[in-house]
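Structure record follows, encoded as structure tokens.
No lab work stands behind these numbers, since they all come straight from the coordinates. All values reported here derive from a predicted model rather than from experimental measurement. Don't worry about glycine lacking a Cβ; one is built from the backbone with ideal geometry, like all the others, and counts go over all protein chains shown.
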Amino acid sequence: MADIKTIGVVGAGQMGNGIAHVCALAGYDVILTDVSGDALESGLATIEKNMTRQVSREIISLDDMKAAQARIKTSVELVPFSGVDLAIEAATENREVKEKIFAALCNVVPKHTYLATNTSSISVTRLASTTDRPEKFIGLHFMNPVPLMQLMEIIRGLATDQETYEMAMGFADRLGKTTTNAEDYPAFIVNRILVPMINEAVYALYEGVGTVESIDTAMRLGANHPMGPLTLADFIGLDTCLSIMQVLHDGLADTKYRPCPLLVKYVEAGWVGRKAGRGFYDYSGDAPVPTR
């Protein structure tokens, strides 16, 4: 099994910068890439903010932070990936986009390089089949926010070999993550259970069972959830929630996974949650205000 020293992360958004963050703190050299220089600057700023918070809480030292930041290099091109041992795709939850990324990666990375996807719902087997090394391809589903959440779902595709699986387990262990093995079925474990719950909360809103605030309050205080499902949906991104529901509905052909029409409407409006400043709550003021 190849020794993993350098990690390439494709996508500097909320998942990609979090993955780069934890990899750098674990001592890996990291190359973070995105199609936009602005996205890379924003990703680095987020990493700095989140590491500064960890320093203030005495989770890491200031020296740890500076050393980790020095390990992260950025590029708007994939050329530097010619030296990575593991390439992790953390782009938007869209199969066509991910397949294009892996096609480009296969033209750049060495033969020994492992490929991984952070997909939260798409078939690992299908993505692997579009590459030149399906046996070295695996799903590494980090939870958001990556620096805080302990779990990593590991998903083997049909062709994933034992060496790649053992690499993934060792990698997760070095990051300090707890792993759970999920079979390669739509949305795996966490999102197979979580996102339909969110979709049902949107149905409750759509049907007038409760308001945004009453639904969130009911689940926080009645089910002891740390945040309500509509707040959580805004945090995840309503576009991501919709994509996962569509994968579940298409992949399992069961009407119980039909996306709520109100969820579709919010996404069509561009009200996709915190990252857009508006979702089920409006985040433009000092405190979030329900939009419905």
Using Cβ contacts closer than 10 Å as the measure, can you line up R220, R274 from fewest to most?
R220, R274
What's the center-to-center distance, using Cα atoms, between the range 245-263 and the range 31-69 in Å?
36 Å
Length added when fully stretched, E135-A104, from 0.36 nm per residue minus Cα-Cα:
9.4 nm
D for the range 142-249, whole µm²/s, Stokes-Einstein with Kirkwood Rh over alpha-carbon pairs at 4 °C and 1.567 mPa s: what number?
83 µm²/s
How much of the DSSP beta bridge set in the range 6-182 is antiparallel, as a percent to the nearest 5?
15 percent
Peptides ranked, highest mean first, by Cβ atoms within 10 Å: ranges 51-58, 76-83
76-83, 51-58
Fewest-first ranking of I215, I88, using other Cβ atoms within 10 Å as the exposure measure
I215, I88
Using only the alpha-carbon atoms of the chain as identical scatterers, what base-10 log of I(q)/I(0) does the Debye formula give at q = 0.07, 0.08, 0.16 Å⁻¹?
-0.27, -0.35, -1.33
What share of all Cα pairs of the range 190-290, in percent, falls into each consecutive 5 Å distance bin?
2, 14, 25, 26, 20, 9, 3, 1, 0
May I ask you to list the lysines whose Cα is less than 20 Å away from that of K100, ignoring any residue fewer than eight positions away on the same chain?
K111, K136
Mind sorting L194, L148 by how few other Cβ atoms lie within 10 Å of their own Cβ, fewest first?
L148, L194
List, in order, the whole-Hz ³J(HN,Hα) value for each residue of the range 272-282 obtained from phi through the Karplus relation with A = 6.51, B = -1.76, C = 1.60 and θ = phi - 60°; use x for Gly and Pro.
9, x, 4, 5, 9, x, 7, x, 6, 10, 9
Quick check: convex hull of the Cα atoms in the range 37-112, volume per residue, rounded to a whole Å³?
119 Å³
Under the rule rounded for a/c under 1.5, else prolate if a/b exceeds b/c, else oblate, using alpha carbon gyration tensor axes a ≥ b ≥ c, the range 1-55 is classed as oblate
In nm, spacing of pseudo-spin labels at D286 and L62 (7 Å Cα→C-beta vector)
3.2 nm
Stretchable slack from N94 to Y165, in nm (0.36 nm times residue separation minus alpha-carbon distance)
23.1 nm
